[in-house]
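Okay, structure first, notes after.
Every number in this text was worked out from the coordinates using simple rules, so none of it is lab data. All values derive from a computational prediction rather than experimental measurement. Here Cβ is always computed from backbone atoms with ideal geometry, including for glycine, and neighbour counts include all displayed protein chains.
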Amino acid sequence: MADGGASTFIMLITALLISGSASAILISEWGKAASVVQQSERKSSLESDVSVAFAGDPAMVAYDDSTLQHELTFYVLNDGEVEMSDVYEVYVNGVAPSTKTETVKPSGTAWDPGYLLEITVSDASFAYSDTDDVTIYFIGLSESYGSYTFSASMSQEVRLHVE
């Protein structure tokens, strides 16, 4: 009888040690998973603060066909809560223009919330006429925000107006 009790006690101690080790591992992993979920939620929350939109009258976008490069000028509004960087891409009817220039209005420097980015793009392949409809696609990056960099995009069909 004494041997049966000792072996049962040893088995009990072994089971408790194993379950204690498993519990420690599970608690550690649960903490890591909770941390990842928390970071993901924080990133999603910050991402909603980054936004851009077309600014101006989409039926009156300036188009200059007097040069060989055919310049198109439009405005993008930083309507988010985060400063946007000067890193961006523009496509007109799916074509990346050969040249693009930008000016921040009104400051001329940082593209802060509520400011406009005046973009002039040109390409020899632009052979549009007055009242032609084109689609402008813009995607830009934010400045670092909460240790993340986010992108914001907009797509707008516009009507060209030759000046």
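Observations, loosely collected:
- Residue within segment 74-85 that is among the hydroxyl-bearing types (Ser, Thr, Tyr), more than 17 Å from the chain's Cα centre (by Cα), part of a loop (DSSP other than H, G, I, E, B) and closer than 21 Å to residue 122 by Cα present: no
- Check on residue 66, of a type in the set (Gly, Ala, Ser) and either touching a residue at least 60 places away in the same chain (Cβ under 8 Å) or assigned to a strand (DSSP E or B) (or both): no
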